[in-house]
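Single-structure report; data block below.
The values are calculated or read from the model by the stated rules, or taken from the named source; none is laboratory data. Predicted model only: the values in this text are computed from it and were never measured. Counting neighbours? That spans all protein chains shown, and the Cβs are built from the backbone with ideal geometry, glycine included.
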Amino acid sequence: MTMKSILAGATLAASLSTTAFADDPTKVGFIYVGPVGDGGWTYEHNEGRLAVEEHFGDAVETVYVENVPEGADAERVMQQMALGGADLIFTTSFGYMDPTINVAEKFPDVMFEHATGYKQADNVSVYSARFYEGRAVQGHIAGQMTESNVIGYIGSFPIPEVIRGINAAYIHAKEVNPDVEFKIVWAYTWFDPAKEAEAANVLIEQGADVILQHTDSTAPQAAAQAAGNVVTFGQASDMAEFGPFPRVSSIIDNWAPYYIARTQAVIDGTWESTNTWDGIGAGMVGIGEITEAVPADVKASAEALRDSLASGEYHAFSGPLNKQDGSAWLADGETADDGTLAGMSFYVEGLTGDIPQ
Amino acid sequence: MMDLSAINPILLLASLMVAATPIILAAVGELVVERAGVLNLGVEGMMITGAVCGFIMAVNSGSPLLGFIGAAIGGAVLSLLFGFLTQFLLANQVATGLALTLFGLGLSALMGQNYIGIKAPEFPDWHIPLLGDIPVIGPIVFQHDPMVYVGLAIVVAVWAFLKFSRAGLILRAVGENHEAAHALGYHVVRVRMLAIMFGGACAGLGGAYLSLVRVPQWTEGMTAGAGWIALAIVVFASWKPMRLLLGAYLFGGVTVLQLNLQAAGMAIPVEYLSMSPYLATIAVLVIMRSGRAPGSLGQSFHASR
């Protein structure tokens with residue numbers, strides 16, 4: 001008997017038992033890339049999970065596994081969760097994309113939701129937030145807060161999600177401060193406090209007085225605090241414990257409404273494979289409180305930018321914009337389409353350095 | 001666009017000293033253990049246990065100093081487990097050491113569950129009067145936190161102990177030929193147990209340096225392989241304390257330099273930069289095979305044989 005037929009048999013048994021006990025609670029699983037206590041990305045996904053538990057009470061049971069490495073281990077964990085009777089599984093990191101597709105193939109009766117990816121299947125939805133809208137607001141504030149005109153950016157992996165964020169932040173920093181320069185360091189990790197701290201220190205040593213991070217821990221905030229005169233922004237979570245300075249604002253991921261809606265869809269039997277990409281307007285991306293360390297006029301214009309992004313009257317990637325090599329990308333009045341944004345693999349004009357391949 | 005002038009060599013060298021400190025601490029402990037003829041591959045496990053013990057102690061007492069003491073005790077207690085298994089039950093040292101690493105990673109994750117996301121108490125840098133004011137040298141060498149100097153002091157003390165003291169001579173004799181040392185009337189097992197505990201305490205200090213100074217917060221698995229680098233550096237140093245400093249600074253230097261080059265916009269692939277410290281370690285291990293390992297390294301000893 002092959003592995004596949006054993007698994008198929010197990011799935012069959014699982015689905016039979018679900019039918020037999022119709023009032024069994026719906027089981028929702030979550031796979032996390034870091035620890036729940038990272039204070040950032042994974043923390044917010046777990047807040048979403050807790051919101052699901054609170055909303056549905058006894059009708060829903062949730063399970064989660066934290067610190068799951070992206071790769072073969074992830075597949076094993078998802079498999080175990082599906083065999084354990086999960087009806088809906090949220091896989092909450094970009095690197096879980098192929099494992100999710102592989103496992104979903106083996107468990108056609110289990111619904112999967114993959115965060116920040118782009119591969120869909122009949123039982124795999126993808127969802128993400130338009131974090132780049134939040135990055136635009138950060139860039140707007142950062143460009144005016146910097147005195148050295150050097151902004152440090154800690155990237156995780158050179159994937160479209162992160163590149164989009166760098167571009168959005170740069171465009172809006174440049175808009176308010178033509179002399180601004182970005183220094184970008186790739187940490188090649190989502191979560192490694194020692195490395196994130198080291199990267200932040202290096203950027204500070206090289207003159208950056210604003211640090212933007214696309215990694216998940218609060219280590220860069222601690223490094224900025226130790227340096228004394230460096231501005232930071234909370235990433236994924238509010239990180240308010242580092243406010244009012246160095247943390248002057250933040251991007252907050254708010255997954256709870258989405259997780260509740262999708263769980264409801266599974267309960268109702270109306271779940272369909274979808275592609276969701278919501279921003280500030282839908283409430284999936286929140287802008288954390290802009291503290292008093294930011295001058296009042298900067299704060300007001302940042303909030304106006306936030307509101308125009310939310311209402312849709314302004315798009316964070318509005319022409320005229322050129323690519324890094326000087327070739328035209330968006331004409332005056334044109335805005336970027338979602339397809340280009342989803343696969344973004346180029347810097348906009350003005351950014352220096354190459355994107356590692 | 002490359003702008004190497006953005007790299008400040010003084011700050012680079014200063015952060016090199018900090019980056020090397022956890023490895024120096026862990027490696028000097030392991031060096032003593034190996035000079036006594038014991039191979040303890042559990043450095044990573046003792047480091048991470050020290051990191052969590054030190055963090056818990058420092059947060060609850062509010063004193064980083066007590067934290068470091070707690071870390072040393074935590075590492076030493078864990079190493080006692082290794083000592084008991086290998087010295088009294090004569091378990092295989094390689095297998096026991098590997099098991100100790102896995103055990104330490106799990107144990108620390110368990111102990112640290114309630115300490116995730118908490119800030120460690122401040123551990124300010126020392127600005128050493130007079131010496132710290134010397135141009136160039138001052139900021140590089142004399143403006144660090146006290147543990148940087150503790151690490152260096154331990155290395156010098158170990159060097160002097162092994163080279164000049166009678167106890168150091170006995171320890172080396174036990175490591176070179178435990179049968180002969182036993183025949184001369186020395187307590188092989190007692191000497192080795194003391195060495196193992198010293199190694200555990202030093203590894204614990206190295207781990208706590210990460211959780212209390214470098215990062216500073218507690219995270220599962222935060223040592224991220226530093227213990228294995230420490231083991232490699234002991235071999236690289238051919239079991240000599242002063243060469244160990246060289247190895248640790250080389251490693252710390254490459255780590256810091258690769259981030260600096262990235263920030264300066266150096267157009268070489270980041271993957272190669274990130275792996276360069278490990279490549280350098282391997283290259284050095286292959287090229288510099290000048291040192292000879294202690295004669296009884298890794299062998300079990302029992303007086304009846």
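Worth pointing out:
- In the range A:253-262, the count of residues that are free of Cβ contacts under 8 Å to residues at least 40 places away in the same chain and in contact with a strand residue (DSSP E or B) (Cβ under 8 Å, 6 or more places away or on another chain) is zero.
- A search for C-beta distances below 7 Å between a residue of the range A:333-357 that is on the phi > 0 side of the Ramachandran plot and any residue that is in a loop (DSSP other than H, G, I, E, B), counting only pairs 6+ apart in sequence or on different chains, returns A:G333/A:G319; A:G353/B:G265.
- Members of the range B:257-274 found to be among the polar types (S, T, N, Q) and modelled with pLDDT of 70 or more, listed by number: B:Q258, B:N260, B:Q262
- Every condition in (1) buried (at least 18 other Cβ atoms within 10 Å of the Cβ); (2) over 25 Å from the mean Cα position of the chain (by Cα) is met by A:W271 except one, and the failing one is (2).
- Restricting attention to the range B:94-127, the residues that are at the interface with chain A (Cβ under 10 Å from one of its Cβ atoms) and either over 27 Å from B:V18 (Cα atoms) or not in a loop (DSSP other than H, G, I, E, B) (or both) total 5.
- Residue within the range A:92-105 that is over 17 Å from A:F317 (Cβ atoms), over 21 Å from the mean Cα position of the chain (by Cα) and assigned to a strand (DSSP E or B) present: no
- Of all residues assigned to the range B:56-75, at least one qualifies as being more than 14 Å from B:V43 (Cα to Cα), in contact with a strand residue (DSSP E or B) (Cβ under 9 Å, 6 or more places away or on another chain) and in contact (Cβ under 8 Å) with a residue 24 or more places away in the chain.
- Within the range A:215-236, residues that are within 14 Å of chain B (Cβ to nearest Cβ) and free of Cβ contacts under 8 Å to residues at least 12 places away in the same chain have Cβ atoms under 8 Å from residues that are among the acidic types (D, E) and in a helix (DSSP H, G or I) in no pair, counting only partners at least 6 apart in sequence or on another chain.
- Among (1) more than 30 Å from B:F164 (Cβ to Cβ); (2) modelled with pLDDT of 80 or more; (3) within 21 Å of the chain's Cα centre (by Cα), the one test that B:V254 misses: (2)
- Candidates A:A187, A:A208: the one that is of a type in the set (G, A, S), facing chain B (nearest Cβ under 10 Å) and over 18 Å from the mean Cα position of the chain (by Cα) is A:A208.
Listed here are the residues, each with its yes/no results for (1) closer than 25 Å to A:A199 by Cβ; (2) more than 14 Å from chain A (Cβ to nearest Cβ); (3) crowded, with 24+ Cβ neighbours inside 10 Å; (4) at pLDDT below 95.
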position: B:L11; (1), (2), (3), (4): yes, no, no, yes
position: B:A14; (1), (2), (3), (4): yes, no, no, yes
position: B:V28; (1), (2), (3), (4): no, yes, yes, no
position: B:G50; (1), (2), (3), (4): yes, yes, yes, no
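- Exactly one residue among B:I56, B:I24 is more than 14 Å from chain A (Cβ to nearest Cβ) and within 8 Å of the chain's Cα centre (by Cα), and that residue is B:I24.
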